[in-house]
Amino acid sequence: MTQVSTRTGVTEAPRKARRASGAGAVMCFDVQVRRVQRLSENFQRITFAGPGLSEFGVQGQTHDLRIKVVVPSVAADGTRIPLPAFDCSDTAWYRNWLQLDSAVRGSMRTYTVRAARCSAAEPEIDVDFVLHFDEEGRGGPASSWAAAAKPGDRVSIIGPNAAHCVTAESYGGIEWRPGMARHILLAGDETAVPAITAILESLPADVTGHALLEVPAATDEQQVSTESSVRVTWLARSGRPHGELLEAAVREAVALPGWASVDGGPVPPARPLIEDVNVDETILWETPQRLGAAVVKATPNPETPAGALPFYAWIAGEAAMVRGLRRYLVSEAGIDRKQVAFMGYWRAGRAES
Ligand SMILES: Cc1cc2nc3c(=O)[nH]c(=O)nc-3n(C[C@H](O)[C@H](O)[C@H](O)COP(=O)(O)OP(=O)(O)OC[C@H]3O[C@@H](n4cnc5c(N)ncnc54)[C@H](O)[C@@H]3O)c2cc1C
């Protein structure tokens, strides 16, 4: 396996040499902040740049492409500790990173690529960070880093190797798979806004449905550009419990009987019982491509493969909120689990580890 240093290897190794070296689907990119743009009260867009980013990406649209961002630790004197190098070969990169001294290895968090311009002369990617802080003003390492970021600051990004990811599916970090569906539901909280807005930008004109985005404040609403006929609704929480507005909006968009309302089918199928997920112990991550054979057998259309039905839903955000939406859509509305991606992006009260 090639040693790829987060500080040097990716940006300095020539493109051909690294392709020949057998780098896998995942690579580490040493990048620096080029621009910081405060989008709204709770969103900070950071544009990362670095010559190595010409090697970053997947073929086609990025949709909800996820990456890992490693932000530097803070020393006792308040300065940032330079990120140490680690072996970032695609199979073992996480274990290798964990083996570094925890005081200096920084914090690794998951983010979405809001936009990528990696074939430009000066390749860049945009990441929209939610600036979340508790009542005492404490944020997580990534949120705190983003709030204070300035041009020149360095982080490591772990993401797809464009040379290897000849299809979006060959990098495991894109869940958006609507298949043949032309009627969709996109629903999420602020952490899902970058993914939902990127997906909306990619949709063709014949797609209909709803995009429901719950954000902390009305000032967090963004301009969205889409050729589709999807109706975009922003839900400003304004102090209400997390997910309350989103759940009500999802219930309205997929009214009972759900299957009939999204598919026009005359008879709603039997409502399958679903196993509950303890979001304190497990990460809620249920996508059509991950369903086991037994679950598929229990779906309303066991013989129909994932992606072959006219409706598809993509749901992401705080895990307990996503669990509630899963219960409604699957158990009450009878939506086929093969047609919905449910993703707990973060868990209230728990740092991403
Ligand atoms: C696939 C995927 C894509 C994601 N894309 C994005 C993205 O594009 N932009 C983005 O901002 N986030 C995104 N997230 C969510 C992000 O990874 C988490 O919010 C992460 O916990 C932030 O790290 P942190 O260091 O700031 O906080 P942590 O150290 O992980 O958490 C510290 C505390 O803050 C709480 N917390 C974490 N996130 C939030 C939040 N958003 N609001 C309120 N409290 C919070 C935790 O519960 C914990 O109590 C994504 C997550 C996944 C899995």
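Name the residue that is most open to solvent (accessible area, probe 1.4 Å), counting only residues in segment 287-305 that are under 25 Å from ALA249 (Cα atoms) and touching a Pro at 6+ places or on another chain (Cβ under 8 Å). For segment 287-305, the residue satisfying everything is PRO300. Scan segment 161-183 and give yes if some residue there is free of Cβ contacts under 8 Å to residues at least 60 places away in the same chain and over 18 Å from LEU131 (Cα atoms), otherwise no. Checking segment 161-183: at least one residue is free of Cβ contacts under 8 Å to residues at least 60 places away in the same chain and over 18 Å from LEU131 (Cα atoms).
For segment 230-253, taking the residues that are under 22 Å from the mean Cα position of the chain (by Cα) and of a type in the set (D, E, K, R), the one that is surrounded by the fewest Cβ atoms within 10 Å (Cβ to Cβ) is identified as ARG231. Take the conditions more than 19 Å from the chain's Cα centre (by Cα), surrounded by 15 or more Cβ atoms within 10 Å (Cβ to Cβ), assigned to a loop (DSSP other than H, G, I, E, B) and modelled with pLDDT of 85 or more and apply them to LEU309. Does it pass? For LEU309, the condition - more than 19 Å from the chain's Cα centre (by Cα), surrounded by 15 or more Cβ atoms within 10 Å (Cβ to Cβ), assigned to a loop (DSSP other than H, G, I, E, B) and modelled with pLDDT of 85 or more - is met.
Inclusion of ILE125 among residues that are more than 8 Å from the ligand (Cβ to nearest atom) and under 18 Å from SER353 (Cα atoms) is not warranted. Among the residues of segment 142-152, are any at pLDDT below 95 and either touching a Lys or Arg at 6+ places or on another chain (Cβ under 6 Å) or open to solvent by 30 Å² or more (accessible area, probe 1.4 Å) (or both)? No, segment 142-152 contains no residue that is at pLDDT below 95 and either touching a Lys or Arg at 6+ places or on another chain (Cβ under 6 Å) or open to solvent by 30 Å² or more (accessible area, probe 1.4 Å) (or both).
Looking only at residues of segment 153-174 that are open to solvent by 10 Å² or more (accessible area, probe 1.4 Å) and closer than 30 Å to LEU309 by Cβ, we find that the one that is farthest from the ligand (Cβ to nearest atom) is VAL166.
Conditions (1) assigned to a strand (DSSP E or B); (2) touching an Asp or Glu at 6+ places or on another chain (Cβ under 6 Å); (3) on the phi < 0 side of the Ramachandran plot; (4) of a type in the set (A, V, I, L, M, F, W, C), marked per residue:
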position	(1), (2), (3), (4)
VAL155	yes, no, yes, yes
CYS165	no, no, yes, yes
GLU169	no, no, yes, no
TRP176	no, yes, yes, yes
MET180	no, no, yes, yes
ALA187	yes, no, yes, yes
THR191	no, no, yes, no
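Is it true that some residue in segment 47-65 is open to solvent by 40 Å² or more (accessible area, probe 1.4 Å), in contact (Cβ under 8 Å) with a residue 12 or more places away in the chain and of a type in the set (D, E, K, R)? Among the residues of segment 47-65, not one is open to solvent by 40 Å² or more (accessible area, probe 1.4 Å), in contact (Cβ under 8 Å) with a residue 12 or more places away in the chain and of a type in the set (D, E, K, R), which makes the answer no. How many of the residues in segment 184-226 are more than 20 Å from ALA319 (Cα to Cα), touching a helix residue (DSSP H, G or I) at 6+ places or on another chain (Cβ under 6 Å) and either buried (at least 17 other Cβ atoms within 10 Å of the Cβ) or without any contact (Cβ under 8 Å) to a residue 12 or more places away in the chain (or both)? Within segment 184-226, residues that are more than 20 Å from ALA319 (Cα to Cα), touching a helix residue (DSSP H, G or I) at 6+ places or on another chain (Cβ under 6 Å) and either buried (at least 17 other Cβ atoms within 10 Å of the Cβ) or without any contact (Cβ under 8 Å) to a residue 12 or more places away in the chain (or both) number 2. Taking every residue in segment 337-353 that is near the ligand (Cβ under 6 Å from one of its atoms) and pairing it with any residue that is assigned to a loop (DSSP other than H, G, I, E, B) and basic (Lys, Arg), at least 6 positions away or on another chain, yields no pair with a Cβ-Cβ distance below 6 Å. Among the residues of segment 55-72, none qualifies, meaning not one is more than 12 Å from the ligand (Cβ to nearest atom) and among the hydroxyl-bearing types (Ser, Thr, Tyr). For beta carbons closer than 7 Å, sequence separation of 6+ or different chains, a first residue in segment 106-118 that is closer than 11 Å to ILE157 by Cα and more than 7 Å from the ligand (Cβ to nearest atom) and a second that is assigned to a strand (DSSP E or B) and open to solvent by 40 Å² or more (accessible area, probe 1.4 Å), the qualifying pairs are MET108/LYS68. When restricted to residues that are assigned to a loop (DSSP other than H, G, I, E, B), open to solvent by 10 Å² or more (accessible area, probe 1.4 Å) and in contact with a Pro (Cβ under 9 Å, 6 or more places away or on another chain), segment 314-352 contains 1.
The values are calculated or read from the model by the stated rules, or taken from the named source; none is laboratory data. Because the structure is predicted, anything quoted here is derived from the model rather than measured. Using ideal geometry, Cβ is built from the backbone for each residue, glycine included, and neighbour counts are taken over all protein chains shown. These accessible areas exclude ligands, DNA and RNA; they are computed on the full protein's heavy atoms, side chains included. Shrake-Rupley method; radii C 1.70, N 1.55, O 1.52, S 1.80 Å.
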